[in-house]
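Structure first, then comments.
The values are calculated or read from the model by the stated rules, or taken from the named source; none is laboratory data. Just so we're clear, the structure is a prediction, and the values are computed from it rather than from any experiment. Heads up, the Cβs are rebuilt from the backbone with ideal geometry, glycines too, and the neighbour counts pull from every protein chain shown.
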Amino acid sequence: MYSAMIAEDSKPILRNIRALIEAAGLPVEVTATASNGLEALELLKQKHTDILLTDIRMPKLDGLGLIERAKVINPRLQAVLISGYSDFDYARRALNLQAFDYLLKPVEQGQLSEVLQRLLAQLQEQQQSDRKLLEGVVAPDYLADMPLDAELCAGQWRVLLLRERPFAPQDARGWSAARIAGALKPAQPRPGGAAQVRVLPTPRPGQFLVLAGEAALADLASASEQAEHGASSAVDPAEAAVCAALEAGGMPAAALAAPQPAGLRALAAVYGKLERELRERLTVSGHLASPGRGEAEHGAPDRGAPAGEAAKLAAQAQLAELIAQRQKERFLLLLRQSLPYWLDAGARLAELERFVRFLADAFGASAPADEAAEPRGDWPEPRGDWPEPARADSGESDAAGMLFAAGSAEAFAEGLQAWAARRFDALHEPGKRGGEELHAQIDRYLRQNLYAQLSITDAAQQFHVSPSYISRIIKRYTGSTFVHHYMQLKIDEARRLLASGPDVKVKDVADALGFGDPHYFSKVFKEYAGCSPTEYKETWTEEAGRI
């Protein structure tokens, strides 16, 4: 539903226009009326309006002046001029002011309906364009049903990016846009203040954008007696106020504010910059480090690297070497001794993420080829887009990534030690996923199911690996494909059955082994055995008679 305001000094004409709008059956609601231009201007400041229908000749402020000043308040306001004067100069000025259309009194139902229909079509087209601007900024499921009112689209907002503080207690989880918005609403907001707060979930779980007016942020700051609690590293007062409000609501957060207000068109660029900066500045303790890394980018050594960075690089190299040498106990000891480098309160969370990814890569590089291709269900596959650390919903297959959902740094350290120990155990037990033992298990499984119709997918599900992995194992140890190997086993069994007695019929053997069609069975049998089933049976009978 779109909101409309009528500015008209003649009460009978105002009532008539209102009745015509209501009778049009369009999604337009008259939410305000005014008898002069100044009154209309004040109402436009207090209440958001999509459509303005205004008379040109009005006391105190005429329609043209009203439109000009109203466009400053709301650049997306759609204005329709109504006048009893068909004066070209008026129409020309109206076009310069970007009025949508120009209607003459007395306004007729058909004329008004036609103008409103075109105006609504333009508003809807603009709304679709606005929705595209939010793609990649707002979570898709939320964006699909998100109302895009003109206040949101036309406003200039202070933009803050929020995320759950690392290693927050489990009972502090379960954020939602509605819960955050509730926490950011002061107990006694002033008009036009805290109501101007929008909370939008981003595509990254556990991360939200807050769009707030300056008045709303001022309300938050004044309503909180501990505006800097939980955000001592925040430089911007907006960051401190928002973090304090969320802390009070049981949602310990990290927040980063853009320095300047932004509109909808700039929101994607602002979000991208905030996301990158927050990711690099966020520390393990949940505070924001000062801008500027002050250390080698991504762990790359340089001559200016501090002693702590050099120690981390040395520890990583030793840990990788111990993985390659299969030195489990020494590795776990060094890992326990080295973790304080990455878990210090001032350490960057991004560095900790990169360290865990480094360990996952090192384990993957040290695993046998079969193991690396088919990681266990509780192993994380090394990859560039490491899961967002603040959430636990990345899936059981990302066990290392899920460590970041621990409720404390200590729990994270214990979980990382346990994960690394499992990886070492897997390195010492390659037979569970590859090699001769797995081939023997697959071969035994196929022989036990010669009277069934198995596919490579069935075998993959049986052994919890991929079909391509089954194919590689069969090829390595038999020199054949899965289908050919399984068929060879069936034909070998067919030979045994045909040789079991003179009364055994070829059709019965074909049916028993799942071929169904005797002709197809004979064709396959000849391809693998070099003769037809009947010829094989006759040859075997002759040889048995001679014996």
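Structure data summary
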item	result
Test set (1) farther than 30 Å from TYR536 by Cβ; (2) touching a helix residue (DSSP H, G or I) at 6+ places or on another chain (Cβ under 8 Å); (3) not assigned by TED's automatic domain parsing to the domain that holds LEU359 - PHE424 fails condition number	(3)
Among (1) out of contact with any helix residue (DSSP H, G or I) (no Cβ under 7 Å at 6 or more places or on another chain); (2) in a helix (DSSP H, G or I); (3) without any contact (Cβ under 8 Å) to a residue 40 or more places away in the chain, the one test that LEU44 misses	(1)
From LEU498, LEU513, residue being buried (at least 19 other Cβ atoms within 10 Å of the Cβ) and farther than 23 Å from SER455 by Cβ	LEU498
Long-range neighbours under 9 Å by Cβ, at least six apart or interchain, first residue within 22 Å of THR49 (Cα to Cα) within region 121-149, second surrounded by 13 or more Cβ atoms within 10 Å (Cβ to Cβ) and of a type in the set (Phe, Trp, Tyr)	GLN122/PHE100; LEU123/TYR2
Subset of region 34-50 that is of a type in the set (A, V, I, L, M, F, W, C) and within 18 Å of VAL80 (Cβ to Cβ) - its residue that is nearest to the chain's Cα centre (by Cα)	LEU44
Among the candidates ALA91, ALA7, residue that is more than 25 Å from PRO147 (Cβ to Cβ), modelled with pLDDT of 90 or more and in the same structural domain as LEU116 (by TED's automatic domain parsing)	ALA7
Count of residues meeting criterion [buried (at least 16 other Cβ atoms within 10 Å of the Cβ), modelled with pLDDT under 85, among the aliphatic types (A, V, I, L, M) and farther than 24 Å from GLU247 by Cβ] in region 138-179	5
Where a residue in region 347-363 is at negative phi and assigned by TED's automatic domain parsing to the domain that holds LYS312 and its partner, wherever it lies, is of a type in the set (Lys, Arg) and crowded, with 22+ Cβ neighbours inside 10 Å, with Cβ under 7 Å and at least six apart	PHE363/ARG423
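Residue-by-condition table, conditions (1) at pLDDT below 85; (2) of a type in the set (A, V, I, L, M, F, W, C):
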position	(1), (2)
LEU446	no, yes
LEU450	no, yes
SER455	no, no
ILE473	no, yes
GLU538	yes, no
GLY545	yes, no
